[in-house]
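This report concerns only the one structure given below.
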Amino acid sequence: MLDGGTEDGALATSSRLVAHALSELPHATFLVFDTDMRFVLVRGAAVQENAMDPVQFEGRLASESLPAERWAMYEPMYRAALAGVDSEKQVTSPDNSREYLLRTRPVLADDGSIIGGVLVATDISDVKSAQRRALESERRFSLAMRSAPIGMAVVSLDRTLLEVNHA
């Protein structure tokens, strides 16, 4: 056992290791809450990127820790987790600079009872930006094909015509 060989010491060390590991995961934030919706553990990039201190959250009710407009958005997800239902939602950061995929899940005890929930926020800003760029590129290509004054075609390697414009 760690920390002097006691079971409590090993548990404390394990908790610190888990908290540290969660803090180091790129693009993810973890908010673990109990059945009273009190934060038990808060770690991750989104917390730091939005200039929040995890210590300000842990031990406090979610409704007291989050701005009212954010809590109104998150509360149904927290309640769903405590009812045993997984949920998912995409949101933007308060300053609209980042996009996140939020997922909540219940946390179960060994006997299957719900003892809390976890919200995992994954930063999907880069993925969403790439999707927007791809859609814009496809839109431009389609526009060029439709309005070109000359004949244009997309041809496969076996010379099959895949797309042909009117010209």
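Quick notes
- Of all residues in segment 123-156 being basic (Lys, Arg) and more than 22 Å from the chain's Cα centre (by Cα), the one that is farthest from Thr29 (Cα to Cα): Arg146
- Qualifying helices (runs of 4 or more DSSP H) (wholly inside segment 1-66; at least 1 residues being at pLDDT below 80 and in contact with a Lys or Arg (Cβ under 9 Å, 6 or more places away or on another chain)): 7-24, 45-49, 54-57
- Any hit, segment 61-76, residues being open to solvent by 70 Å² or more (accessible area, probe 1.4 Å), at positive phi and not acidic (Asp, Glu): no
- Odd one out for Pro149 among (1) buried (at least 16 other Cβ atoms within 10 Å of the Cβ); (2) of a type outside the set (Asp, Glu); (3) modelled with pLDDT of 90 or more: (1)
- Verdict on Asp86 being within 12 Å of the chain's Cα centre (by Cα) and either closer than 30 Å to Thr35 by Cα or surrounded by 15 or more Cβ atoms within 10 Å (Cβ to Cβ) (or both): no
- Taking segment 106-122 as the range and being farther than 16 Å from Ala62 by Cα, part of a strand (DSSP E or B) and over 12 Å from the mean Cα position of the chain (by Cα) as the test, the residues that pass are Val107, Leu108, Ile114.
The values are calculated or read from the model by the stated rules, or taken from the named source; none is laboratory data. Keep in mind that this is a model prediction, so the values were computed, not measured. Because the Cβ atoms are built from the backbone with ideal geometry, glycine has one as well, and the counts that use them run over all protein chains shown. All accessible areas refer to the heavy atoms of the entire protein, side chains included, with ligands and DNA or RNA removed. Shrake-Rupley method; radii C 1.70, N 1.55, O 1.52, S 1.80 Å.
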